[in-house]
Amino acid sequence: MSRFQPITILSSLGVLCFLSLLVALKVGSVAVSWNDLWLIISAAENPWKDLVLQLRLPRALAAFATGGMLALAGCLMQVLLRNPLADPYIMGISGGAACAALSAMLLGLAASLIPVAAFIGAMASMLLVFALARGDGPWSSTRMLLSGVVLAAGWGALISLILALGPDNSLRGMLFWLMGDLSNASVPSVVWVAFPGLFLIAMLRARSLNILSLGEVTAAALGENTNRLSWLIYLLASILTAMAVAIAGSIGFVGLIIPHAMRLIIGSDHRLLLPAAVMAGASFLTLADTLARTVVNPLQLPVGIITALTGVPLFLYLLYRAKLQS
């Protein structure tokens, strides 16, 4: 790869981020012309101003932030577990968030408290995996993975129980949350501070991520404290996933396919891969949510359905392409 290619790819992804946000603001049940959109962006008075700024913009920003966080968390989890099939939800974090959020819905708590409950549930699940994986013996990625998978199965059983006990008038909202829904999503101010901060920490350890991806033995031989680094990666990925799930529910495939795709396009150097994945994930989920709210207009689909329908064939294509290159 020439030295100009990464710059070109990252610049193209930056343009894609901008265009995806513009499309999200323009497209909907009411089509806003480019001229009207420009007038709204330039702070001029326009009849569609409230529609764009009060309804579409918060949702687009929520999709943008959620997609970026899931893609970044996916990159980190794949390094941590050295498994290309690892995604942000593999450690049961999503299950913990889902149990807490659905319990809040079942108890009839205010809608504003559901994201808080989801975040608390996700972080509680993270601490449980931490405790189970640490135990009395040495840390290992296998032990962590097994702990996460078992805990995820337990959360799944509790989710089924909550759905079985839930009243009929709440089931639709619960199912939409489980499939990923951005219809009422908004990004708290703390996320706009935490997300860039976590991304900066990951970028500062990008060289260490490159070394760890070669294996723990090699990383230790090169002077890395693999135990401390592994827990840092797990903590970063868990917080990112918890924030994403609290905003939008469980949205699959973003944290799985985006790192794969970017690794094939830009390579495995995390100094380039991390920003590429964040921009690609943000753009992908923003466009997917735009499609979710327009494809069967006036009905709106959970965005998780769109990411799954597009993610499955895309992932199969990436596997086929990787096989050809091997």
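What to note about this one:
- Wholly within the stretch 1-98, helices (runs of 4 or more DSSP H) carrying at least 3 residues that are aliphatic (A, V, I, L, M), surrounded by fewer than 19 Cβ atoms within 10 Å (Cβ to Cβ) and under 24 Å from the mean Cα position of the chain (by Cα): 4-26
- Listed conditions (1) at pLDDT below 90; (2) surrounded by fewer than 21 Cβ atoms within 10 Å (Cβ to Cβ); (3) assigned to a helix (DSSP H, G or I); (4) not aromatic (Phe, Trp, Tyr) are all met by LEU214, apart from (3).
- If you go through the stretch 154-174 and keep only what is within 26 Å of ALA86 (Cβ to Cβ) and either among the hydroxyl-bearing types (Ser, Thr, Tyr) or touching a residue at least 24 places away in the same chain (Cβ under 8 Å) (or both), you end up with GLY154, TRP155, GLY156, LEU158, ILE159, SER160.
- Qualifying residue in the stretch 62-82 (condition: of a type outside the set (A, V, I, L, M, F, W, C) and within 24 Å of PRO298 (Cβ to Cβ)): yes
- Look at the stretch 300-318: where a residue is free of Cβ contacts under 8 Å to residues at least 40 places away in the same chain and a partner is outside any helix (DSSP H, G or I) and surrounded by fewer than 16 Cβ atoms within 10 Å (Cβ to Cβ), sitting 6+ places away or on another chain with Cβ atoms under 9 Å, you get LEU301/VAL295; ILE306/VAL295.
- Verdict on GLY166 being surrounded by 15 or more Cβ atoms within 10 Å (Cβ to Cβ) and in contact with a Pro (Cβ under 8 Å, 6 or more places away or on another chain): no
- Of all residue pairs spaced 6 or more apart or on separate chains, those with beta-carbon atoms under 7 Å, a first member in the stretch 195-210 that is on the phi < 0 side of the Ramachandran plot and a second member that is β-branched (Val, Ile, Thr) are LEU198/ILE239; PHE199/VAL278; LEU209/VAL79.
- Considering the conditions (1) surrounded by fewer than 15 Cβ atoms within 10 Å (Cβ to Cβ); (2) more than 20 Å from the chain's Cα centre (by Cα), LEU127 is excluded by exactly one of them, (2).
- In this entry, ILE233 is excluded by the filter for residues that are closer than 30 Å to ARG134 by Cβ, modelled with pLDDT of 85 or more and in contact with a Gly (Cβ under 7 Å, 6 or more places away or on another chain).
- Test: residue in the stretch 251-261 that is free of Cβ contacts under 8 Å to residues at least 60 places away in the same chain and either over 22 Å from ALA122 (Cα atoms) or under 19 Å from the mean Cα position of the chain (by Cα) (or both): yes
The values are calculated or read from the model by the stated rules, or taken from the named source; none is laboratory data. A quick note: this is a predicted structure, and the numbers were derived from the prediction, not measured. Note: ideal-geometry Cβ built from the backbone for every residue, glycine included; neighbour counts use all protein chains shown.
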